[in-house]
1. Neighbour counts of other C-beta atoms within 10 Å: give me B:Lys28, B:Lys5 arranged from fewest to most.
2. If you average the alpha carbon positions of the stretch A:71-117 and of the stretch A:126-187, how far apart do those two centres end up, in angstrom?
3. If you find the alpha carbon centre of the stretch A:283-298 and of the stretch B:115-192, how far apart are they in angstrom?
4. For the protein assembly as shown, what is the charge dipole size about the Cα centre, in debye to the nearest 20, if Lys and Arg each add +1 at the Cβ and Asp and Glu each add -1 at the Cβ?
5. Taking loop as defined by DSSP and a crowding limit of 13 other beta carbons within 10 Å, which GluC sites (Glu not before Pro) in the stretch B:110-206 fit?
6. So which DSSP H runs in chain A come out at 15 Å plus along the axis (Cα) with average Kyte-Doolittle of at least 1.0?
7. Can you show me the helix-derived [θ] at 222 nm for the protein assembly as shown, built from DSSP H runs with n ≥ 4 at -39,500 (n - 2.57) apiece and divided by the number of residues, rounded to the nearest 500.
8. Going by a ≥ b ≥ c, the root eigenvalues of the Cα gyration tensor, does the stretch A:152-266 fall in the rounded group (a/c under 1.5), the prolate group (a/b larger than b/c) or the oblate group?
Amino acid sequence: MLNCVYRLVAPRSFEPVQMQVSPSSESVVVRPTHLSICNADMRYYLGRRSAAALAEKLPMALIHEGIGQVVFDATGAFERGQQVVMLPNAPCEQDDFIAENYLRTSKFCGSGFDGFMQEYVVLPPERVLELPAGIDTHVAAFTELVSVATHALTRFGAIAHGRRETIGVWGDGNLGFIVALLLHVNYPNARIYVVGRTAAKLADFTFATDGLLSNDIADLPPVDHAFECCGGDGSASAIGQIIDCIRPEGTVSLLGVSENPPPINTRMVLEKGLRFFGSSRSGRADFENTVQLYREYPETLDYLRSLVGEVRRVQTVADMAAAFEADTQKRGGKTIMVWDV
Amino acid sequence: MSNMKHNAYAAILAGGSGTRMGSTDKPKQFLMLGDAPIIVHTIEKFCVFGGFDRVVVLCPAEWQNQMRDLLERYLPAHADQVDVAAGGSMRNDTVMNAIRYMQDNFDVDEDTVLVTHDAVRPFVSHRILQENIDAAREHGACDTVVPATDTIVESLDGATISAVPDRRTLYQGQTPQSFNLLKLKELIEGLSDEEAATLTDACKIFVLRDEPVALVAGDVGNMKITYPQDLRVATALMGD
C-alpha cells in the first residue's frame, strides 16, 4: 500500500514522501484523526536538538501523541470506524524486569522512527487500544501524555514509602497539570502543592491544595514526596528546591527532560536518604490504566479539557508548519492538529 | 470491508491502451511502481479507504485475466472488495459500462454515489476520496482540481493566441470525478451522438446541462503517470 508520510527533513521544513507498506494479516490500519504536538516534537521542529541528533534522526515523521479510526483490520480485533489511541512504543523483546518503555531495543515513534504524521499508520493490534465511546477527541489526542503520568504514578506507588499526605509537584506546564490531577484522583486525601513560574497557570490547578510561585515558596510545607515536571532550564532550580523542601526518605520522581545535565546537591540527598527515580514514556499497561481512568473518573476528562489550546485543521504541508508555528506562540496547553490529509 | 452499506461505489478506469508509454506496448497502469504495478497501488488505496461497497476495475477485455491474476497475487486480503469488468472504447463508454455493472450487480438507488478514478493516479489520498463522496452526495457531482500554476493560453487557430484567461479562475482537473450515479446515467444517455463523440469528460456533461459540479481540492502529489518521465517522478516521490 502506498502511504504518504510527512517527514521533517530539516528544522521548520516538512516534506511528503510516499512509502510502500504491506499490512500483514497481523496488522491494523489506523487513519489518524487528531494529533497532539509535544515539546519533544518542537525540539526537532525548531532545531533545538544537538546537530548530531538532528543529523542522525532526520528525516523523520514527528508526533507520538495521537488517536485515529480503524480503517482496516486483518486481525479481526477491531471494527472499521472504531476510535482508538495509537501506542508509540514498539517493543522488540520481552523482559521479566525491565518495562517495555525502558528496553533499549524498543522503537519509539517520533524519536528515530517515523511518528504519526502519516496518512495511515499500520500497527500490530497490541499497539492499538479502543477509546470510550463519545470521548472528547481533542482531549483523547494527548492520551499518550496522560499515560506517561499514569506510568510515573504507578512507579511512585511501588517505590515511595507509604506516607503520602503532602506531595509537591514542581512545574505548572501540561505535564505538571496532569501529574497533579492524577495525584488528586489517586490520593484524594493528600495535600497537593504545585510550584510554578506563572501565577495565571497556577490558578488553573483548582483541584490542588495550593499553588506557589517558585521564587516565593516560604509558605510551602515540607513534602513527603515530590514530582519534578519542569524540564529544560527549570530542572536544576526545581531539583534544588525539592531537595531543600522534602522530608527525609522522601521519593523524588523526575519527569522533566533537560538537554543539559542539572547539578544535584548530593550531600543533602545523602543526608536525607532521598530516593530519585526517573520516568519516561509509557507502555501498553499504562495506556490501559489511563483509558480505565477515563471510564471510572470521567471528571478527569473535564479537567484535562482545560489543557486543549490551539486546535487546527491540517490538510496540507503548509497547515502542518502553521500548527507547529502556532505552538511556539502558545501560553500553555496543547496544540491539537485535526488531521485531514 | 465491514458489513455497513456506504451506498458508494468506485470505478477505477483503466481503459487506456497505454500507447503513450514509450516503447513498451503494455498499458501504463500495469508498469511497476516500487514493488507492485501502478494499478495495484491505486486499487489498494480505494480498498483500505474502506468507504466503498465495491471497487470495480474497468480494463480492456484482453487484460481482464491478467488483472484478476494481479489482484490474486498482490491484494488477496481485499479479494472480496474488487471486481473486474470490461472497459469501453472511449472514456464515456467505460463510465457507462461501470454504471451498468453497478446496476446489474448491486442495489443502486437514487442516492448512490459513483467515484471514478484514473488507474494511473496511485497517490490519491484518503482526504480526497472522502471529500469526493461528501461533495457528490451534497451537490450531485464533483471534480478534483488543483489551482493552475502555469499560465494557460487559448488559441482558436492553433497559430496565435486568441485569449489569456485569468489564471486565478483556472484549475487543472485531476481525478477522482464523482457523481450521483443515476444522474450521471441520465445525462450520458441524453447526449446526442455528436455530443457523445466530443464530450470526453463526464464533469463537462454536467456543466453542459447546467448541473452544478463542486470543486474538491486535489493535491499536486496526486499525479497522473502518463509519460515515461512521469514514472521517474513517481518513483522519486517514494521513500526507501
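What follows draws every value from the coordinates through simple rules; no lab data is involved. As the structure is a computational prediction, the values presented were derived from the model and not from experiment. Ideal geometry is used to build each Cβ from the backbone, glycine not excepted, and the neighbour counts take in all protein chains shown.
1. B:Lys5, B:Lys28
2. Their Cα centres are 19 Å away from one another.
3. Measuring centre to centre over Cα atoms gives 47 Å.
4. 1620
5. Numbers: sites: B:Glu110, B:Glu131, B:Glu138, B:Glu154, B:Glu186, B:Glu189, B:Glu194, B:Glu195; in loops: B:Glu110.
Taking the stretch B:110-206 and a limit of 13 other Cβ atoms within 10 Å, the loop GluC sites (Glu not before Pro) found are B:Glu110.
6. On the way: long enough: A:143-159 (24 Å, 0.84); A:174-186 (18 Å, 1.70); A:234-245 (16 Å, 0.85); A:284-296 (18 Å, -1.22); A:317-328 (17 Å, 0.56).
The answer, listed by residue number, is A:174-186.
7. The helix-only estimate for the protein assembly as shown comes to -9500 deg cm²/dmol at 222 nm.
8. Rounded is the answer for the stretch A:152-266, as its axis ratio a/c remains below 1.5.
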